[in-house]
Each structure stands twice: as structure tokens, then as C-alpha cells.
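Just below is one structure, and these are the notes that go with it.
The values are calculated or read from the model by the stated rules, or taken from the named source; none is laboratory data. These numbers come from a predicted model, not from an experiment. Note that each Cβ is placed from the backbone with ideal geometry, even for glycine, and that neighbours are counted across all protein chains shown. To get the accessible areas, we keep the full protein, side chains included, count just its heavy atoms, and leave off ligands, DNA and RNA. Shrake-Rupley method; radii C 1.70, N 1.55, O 1.52, S 1.80 Å.
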Amino acid sequence: MKKLYPLFYLLILSNITFGQLTSESINVNGVTRSYYQYLPTGYDPGTEQVPIVFLLHGIGDQASNCATYGLNYIADTARFIAIYPQGESNGSQTSWNNGTLLASSAEDVLFISRLIDTINTNYNINLARVYVSGISMGSIMTYTLCNQLSDRIAAAACHIGTMSTSDYNSFSPTYPVPTLHSHGTADGTVPYEGTALPSLTLVPHTISKLKTTNGYQGDSTIYPVPDNVNDGITIDRIVYNCTTPLEHWKWYNGGHTLMYQPVNDTTTLMYTWIFFSQFTHPNPSTVSIHEEKNIQANFYPNPSKGVINLVNHEEFESIEIYSLDGRLLMSKIQSTPVLDITELATGTYIFQFIQHSGARTTRRLVIE
């Protein structure tokens, strides 16, 4: 999602202190990664310890645009540092390395973990209160972070983006993460139900996986949001009876956008913070993830005539090759550094390395 309605900008821009919003960068294994950082007005790290809230943008979007969605205004009153990481290009547009067919190959899990370290070094941070939210492709990436970085995330809020099939198949976080998922039933970009996009699950499947992970005890409670605005959308807040909290905000007839007042009956980022504010991590890691979690995965030559050489092949459990429409064409455990794929026709394919932890690295492969 690239834009919200102009009226929303007019409503929130007057409340943002732009002197607190800065463009920053860090080095991640030799790659300069950028992000925007917002410090709440009047913040003094010498006297105030604050949480971190990450907001990850959608595909093709920019962190600078995400920083205008209203989270800064909430940060001023709720007292947290807002961080807007910038995704890298997947070859045609900004994206995240989240196991989907449109993923980038960037080391995004390590990027977020390093950001936590950097902000903790520079400011007075409560490491038990690190929260991650994402929109669309950023929501899909948030599930990847819950899967691989649950020792550092206190709660997650995922909006209009479901789990990738790779995360769904490997989802086993060290700590179950309190999670809120909101989605419109009329979403034409990331379908709520029906036919899933290649490499993505549907909302019911995502919720089902979260219920299993978060200890569903049976039953749920539905709280209808008062329908005071004539926007054609009604909203149910569904709270599942889980040992680790799980909520689903179901927007009936809602599309691929966020909710905000006064156009809608509620504001997505506001109820996101209300959800986050309830939780602290029971045992947050104070150190960054190890480098081996982000092993360099690659192959050459590319384009290829059908035989390729694999970099660090011994570090990966298996290899999968997909067509551009999402069909799995090849899955195998590779014990040698040379892979023969001459059986594939000329064209472009999606190549995925799967680590023993379940983490995936996606590359594009061209066969001539």
C-alpha cells in the first residue's frame, strides 16, 4: 500500500513535530540500510526509558511515506520511539525478504535486530517492550520476524498482509508472540479468503496457525465496533481464548487500506498501540542474532545454461525452484555445490534456499 487518503494527511500533519523525525542509516554486513526515526517530543534519554515501535511499509512504498501515517502523533503522547525501516529492491520495487515470490534478498531479519541494538545503544530503551507492526508486504515480513526473532519482540500487529506459505510451513517461534491481525473481507490485493496468491496464505489459514502457536483453548469473544460512520464497513474485534493473546479485527467490506477516523469508525494505528501497550516480553534477548542466522546464499552463473554452482550449499537443508506463477517445480536436498537443472526450460524462475532453521533466502534465476 503506497498511500492513504489526503484528508488523513491533513488531519495528522498538524500534530507532527518534524524536528523529531530524522533520516538514519546503519551498516549490515557491508550494506548501508536506511530508516526513519521519530523521537517523542521532549524525550530525554537521561530520565525516560521508552519502548520501540517498528512500522514496516508495503511493497513499492518508502519508509518516509510510512512516517506520515500518524504513528508519530501517538508516540508523542504514549511515549515511544517510532522506527520506519526501508526495504530493499527485489529487482523492480522495494520489498522485504519474507519468503514470498516478490521478496528481496536483503538480510532483513538481521537488519531489524541490528536496529534494536543501535537504538538501545543510542537511547534509553526498554528491551522488554519492542513492538513490530507492518502493512501489506510489511505485515508479511512481520510474521517472518515473529517466526525468527520472537526472543526480541514483545507483540506484533499485522495489517492487510497474511503469512507467507514458507512461514506458515515453518512457523515455530521460540516465544509465542501476542498478535493482532486486521484485514478487510473485500481486500482485492491480499485476499481474505477464496483463492490465495502464490506463496501466500489466506486470513483463515494465518489465524489458524496463530491459534495453534498461541495456545488456543477453544471459543472466542466478538466485540462489534460501534458503527457510527456511513462508510459501508462494519468491524468485529474477535478475541480468541489463547494462552498467548490473539486478536483479529475483521473489517466487513473493507479493502486494502488502513482504518482511520473520522472517515472510519476506528483508527488502525491507535488500536495497534492500545494492543501493544498491554505486553512486555517475558525474557527479551539483549544481544543481536548470530550471523549464522543470515548465511549468504547465492549461485552462479546467472543467467545460466542449466548448471549452477551453489554458494555455502552445506549450510542449507534444501532448495526449491518455483515458476513465476508460484508453482513448485523442484524441491531437493543438495549435498554437492553443483546443481543440474537442465530439465527446466529457458525462462525466469524463483530460487529459494531453506536453512535448517526454516529461514529462506529468495533469488531470481534466469535460464538461457
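The table for this structure:
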{"read-out": "Accessible area per residue in Å² at 1.4 Å probe, computed on the chain", "value": "40"}
{"read-out": "With DNA, RNA and ligands ignored, accessible area of Arg327 (1.4 Å probe; Å², nearest 10)", "value": "130"}
{"read-out": "Computed label-point distance, nm, for sites Ser220 and Ala345 using a 7 Å Cα→Cβ extension", "value": "4.2"}
{"read-out": "Convex hull per residue volume in Å³, alpha carbons only, for the range 135-291", "value": "114"}
{"read-out": "Contour minus Cα-Cα distance for Thr212 and Val338 (0.36 nm per residue)", "value": "41.5 nm"}
{"read-out": "Tail beyond 17 Å, pair distance distribution of the range 51-125 (Cα, percent)", "value": "49"}
{"read-out": "Spacing of the two label points (7 Å from each Cα toward its C-beta) at Asp231 and Glu315, in nm", "value": "4.5"}
{"read-out": "Label point 7 Å beyond Cα of Ser331 along Cβ direction - residues of the range 179-211 with amide nitrogen under 14 Å", "value": "199-200"}
{"read-out": "Per residue convex hull volume, Cα atoms of the range 70-176, in Å³", "value": "106"}
{"read-out": "Rounded FRET efficiency, nearest 0.05, which uses the C-beta distance separating Tyr300 from Val31 and R0 of 22 Å", "value": "0.70"}
{"read-out": "Fraction of antiparallel bridges per DSSP, the chain only, in percent to nearest 5", "value": "65"}
{"read-out": "Gain in span if fully extended, Thr174 to Asn253, counting 0.36 nm per residue against the direct Cα distance", "value": "24.9 nm"}
{"read-out": "Magnitude of the charge dipole, the chain, Cβ model with Lys/Arg +1 and Asp/Glu -1, debye to 20", "value": "100"}
{"read-out": "41 Å tail of the calculated P(r), the chain, as % of Cα pairs", "value": "11"}
{"read-out": "Glu343 accessible area, assembled protein chains, probe 1.4 Å, Å²", "value": "140"}
{"read-out": "Fluctuation leader among Ser133, Ser104, Ser172 - the chain, Gaussian network, Cα springs under 10 angstrom", "value": "Ser172"}
{"read-out": "Accessible area, probe 1.4 Å, largest first, for residues Ser89, Ser136", "value": "Ser89, Ser136"}
{"read-out": "Cα gyration tensor category, rounded, prolate or oblate, for the range 183-261 with a/c compared to 1.5", "value": "oblate"}
{"read-out": "Choice from Met163, Met330, Met141 showing the highest fluctuation, given a GNM over the chain with Cα pairs closer than 10 Å", "value": "Met330"}
{"read-out": "Whole-percent carbon and sulfur share, accessible surface of the range 50-159, 1.4 Å", "value": "45"}
{"read-out": "Gaussian network model of the chain, Cα within-10 Å springs - most flexible of Thr257, Thr286, Thr32", "value": "Thr32"}
{"read-out": "Pairwise centroid distance, computed over Cα atoms, of the range 147-174 with the range 105-127, Å", "value": "17"}
